[in-house]
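What follows is calculated from the coordinates using simple rules that are stated; it is not laboratory data. Not measured: the values here are computed from a predicted model. Backbone-built Cβ (ideal geometry, glycine too); neighbour counts: all protein chains shown.
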Amino acid sequence: MDKVLEIQFLGWTATPRMPFILSGNAICLPTPTYSLVLGIIGCCLGRIVESSEVQIGFQYRFDSVAKDLETRHRLEFDGKKVKNHSKGTDAYMREFHTMPQLTIWLNRLDWEDYFQNPIGTPTLGRSQDILKIESVKQINVKLVEEAFISGCLLPFNSNLKIGGQLIQLAEAYQENDGVGSGRTATKTGIFIAVPSDNLAKVKMKSLYQTLEEESKNFYLHSFNYGK
C-alpha cells in the first residue's frame, strides 16, 4: 500500500470514555478506542461500518482535561431489551477533553466523497461533542520498521516499551437484530493508549510514514491483527 486517505477533525469537546466504568465519576481514556473511531466513520458514511471493511490509523491530541456535573439518563437491560432504569436519572461528575484534534488514516480511498460531504454529523463521544472535518486528502505513505508515534492505541505485547494506559476492550461491535437489544463485541484485546505527550520510538509491524514535507508516523490497525 502506497497511499491512504487522511481526514483531519477538530472539535471543542470530546469524551473518549473509559470502558466498563458504570458507577462513580466518568473518566476518559487518553485516546479514542477503535470502536469509537469506527462509529465516527460510519456516521460520515451514513451506515454501520463493519471492522472487516477497513484498516484504521489515528493520532489524537487535546489541550486539557476538564470536569463538569451532568444529569445522566440511566438504562437497564431486562434480558430482552434495553429500557429506562427503574430508579430514573442521577447526577454525576464527568471528565471531558477540550479542543480535540483527531487525524484518521484509512486504506479506503473510495470513501473520500463521504468525508467531503458527510451524511451524518460526526461526534467524539457524546452527541454534543461535535467534530468539524478540517481537511480530506489522499497522501502517499511508505511502510517503516520503526517510528516515533504518540496519541494512538497500540495492541499490547511484552516487547512494547512505551508508556500509556493499559486496558482490555472490544475493538468492534456487531449490532443485534432486535431494536433496543444492544450490540455484541466481535473481538476483544489488550491495548495501550499512548498519550499525545508521550512520543516514543516503537518497532512493530504496520507502521507507516507520510511522504510530505512535514512527515507523520502512524500505526495502521487491522482488525485481524495477530491472526
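Could you tell me which of the pairs Lys81/Lys132; Lys132/Lys216; Lys81/Lys187 are separated by over 24 angstrom between their Cα atoms in the structure shown?
As for pairs spanning more than 24 Å Cα to Cα, those are Lys81/Lys132.
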**Message:** For Cα pairs less than 8 Å apart in space and 6+ apart in sequence, what is the mean separation divided by the residue count of the chain, i.e. the relative contact order in percent?
**Reply:** 29
**Item:** Selected from Ala91, Thr121, Thr31, residue furthest toward positive end of dipole (the chain; charges at beta carbon)
**Value:** Ala91
**Request:** Just flag the trypsin sites (Lys or Arg not before Pro) in region 1-80 sitting in loop per DSSP whose Cβ has no more than 13 other Cβ atoms within 10 Å.
**Result:** Arg47, Lys80
**Request:** Assuming a ≥ b ≥ c are the square roots of the Cα gyration tensor eigenvalues, decide whether region 44-160 counts as rounded (a/c under 1.5), prolate (otherwise, with a/b larger than b/c) or oblate.
**Result:** prolate
**Fill in**
For region 41-133, the dipole about the Cα centre with charges only on Cβ (Lys and Arg +1, Asp and Glu -1), to the nearest 20 debye, works out at 420
**Asked** Under 5 Å between amide H atoms, partner at least 5 residues away or on a different chain: which partners does Glu134 have, H built in plane at 1.01 Å?
**Response** Gln8, Phe9, Leu10
**Request:** Report the charge-dipole magnitude of region 124-227 in Debye, nearest 20, computed about the Cα centre from +1 at each Lys and Arg Cβ and -1 at each Asp and Glu Cβ.
**Result:** 280
**Prompt:** Any idea what the dipole of the chain comes to, in debye rounded to 20, about its Cα centre with Lys/Arg Cβ at +1 and Asp/Glu Cβ at -1?
**Reply:** 660
**Request:** Go through Ser135, Ser215, Gly163 and say which Cα lies farthest out towards the positive end of the charge dipole of region 101-218; charges sit on Cβ, +1 for Lys and Arg, -1 for Asp and Glu.
**Result:** Gly163
**Message:** Just to confirm a number: summing +1 for Lys and Arg and -1 for Asp and Glu over residues other than Tyr114 whose beta-carbon lies under 11 angstrom from that of Tyr114, what do you get?
**Reply:** -1
